[in-house]
1. Mind pulling up the Rg/Rh value for segment 160-223? Radius of gyration and Kirkwood radius, both on Cα.
2. List, in order, the whole-Hz ³J(HN,Hα) value for each residue of segment 50-58 obtained from phi through the Karplus relation with A = 6.51, B = -1.76, C = 1.60 and θ = phi - 60°; use x for Gly and Pro.
3. Using modelled backbone amide H atoms (1.01 Å from N, in-plane), which distant-in-sequence or interchain residues come within less than 5 Å of I223's amide H?
4. Starting from the Cα coordinates of the chain, work out the convex hull volume and express it per residue in Å³.
5. Which stretch or stretches of segment 171-203 have amide N atoms under 19 Å from the point lying 7 Å from H143's Cα along the Cα→Cβ direction?
6. Return, ordered by residue number, the residues of segment 54-85 whose backbone nitrogen is under 19 Å from a label point located 7 Å along Cα→Cβ of Y194.
7. When a/c is below 1.5 the answer is rounded, else prolate if a/b is larger than b/c, else oblate, so apply that to segment 1-57 with a ≥ b ≥ c taken from the square roots of the Cα gyration tensor eigenvalues.
8. To the nearest 500 deg cm²/dmol, what mean residue ellipticity at 222 nm is calculated for the chain from DSSP H runs of n ≥ 4 alone, each contributing -39,500 (n - 2.57), summed and divided by the residues?
Amino acid sequence: MEYTRITNIQDPLFKQMHQLMQNIFPPEEVLEFDLWKEPLEDPGIRVFVAVHEGQVVGATEYRYYEDFNVAMTDFTIIGQAGLGIGRFLADKRLKDLHALAKANGKKLHGMFAEIYDPYRVEDHEFGGVKPMDPYVRREVLSHLGYKRLDFPYVHPSWNNDGEAVTGLDLCFLPMDDDAEQLQTDLIVKFLQRYYTVLPNKPQSWYDMVEGLKAKETVKLLPI
């Protein structure tokens with residue numbers, strides 16, 4: 001299996017990846033094909049696909065913020081069961097991030113990720129691919145070391161229509177296994193930076209941010 005970076009919307013592998021996204025994710029979570037041009041060309045956004053026998057069977061997008069020394073996993077797609085795609089992508093991604101942090105003169109602090117709560121969201125089939133089932137993904141991410149940030153999370157819709165998407169938790173993978181909390185200042189700055197691309201945010205998102213600002217730390221809880 002090959003771990004291949006995509007940096008151009010004209011790359012044939014991107015067409016396969018975008019179709020895979022449409023097969024797996026609900027419509028409000030998938031950015032339109034043409035709107036991918038700038039993100040793919042952004043050196044700070046890292047989009048990689050797992051290629052098996054010439055076909056895109058998985059993908060991941062993530063980014064490393066040098067000033068925060070944290071990463072964000074935008075998504076991970078496992079297109080088929082039985083190929084070890086999830087482990088392959090997770091290992092390759094973490095090695096890449098450690099290298100980026102080292103080049104930045106630091107040791108990676110951790111990585112954010114949004115995770116569906118299957119106990120609140122029951123209507124997403126995720127393409128019928130069992131490894132993408134929210135119950136399975138939640139357990140896998142728990143085993144990888146991710147922890148849930150203890151506050152009600154609101155996600156602005158990627159349709160940029162000002163709608164709020166609920167049913168997700170914002171989680172964090174600390175590189176320090178003993179970490180029990182995270183500074184809210186880091187969380188707020190990260191969220192404000194991450195969602196700059198969406199000018200139409202719901203009021204509930206702004207309320208969430210203001211609520212975070214009133215605290216110093218947020219607990220890291222088991223998923």
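The values are calculated or read from the model by the stated rules, or taken from the named source; none is laboratory data. Remember, predicted model here, so these are calculated numbers, not experimental data. Every residue, glycine among them, receives a Cβ derived from its backbone with ideal geometry; neighbour counts consider all protein chains shown. Protein only, heavy atoms only, side chains kept; ligands, DNA and RNA dropped before computing areas. Shrake-Rupley method; radii C 1.70, N 1.55, O 1.52, S 1.80 Å.
1. Numbers: Rg = 13.0 Å, Rh = 13.1 Å.
Taking Rh as the inverse mean 1/r over Cα pairs, Rg/Rh reads 0.99.
2. 9, 10, 10, 6, x, 10, 6, 10, x
3. Placed amide hydrogens put R148 under 5 Å from I223.
4. Values: hull volume 26.3 nm³, N = 223.
Dividing the Cα hull volume of the chain by its residues yields 118 Å³.
5. Answer for segment 171-203: 172-174.
6. Residues passing the 19 Å test: 59-78.
7. Numbers: a/c = 1.84, a/b = 1.11, b/c = 1.65.
Oblate, since a/c reaches 1.5 and b/c is not below a/b.
8. Working: 6 runs with 70 residues, N = 223.
Here the helix-only value at 222 nm equals -9500 deg cm²/dmol.
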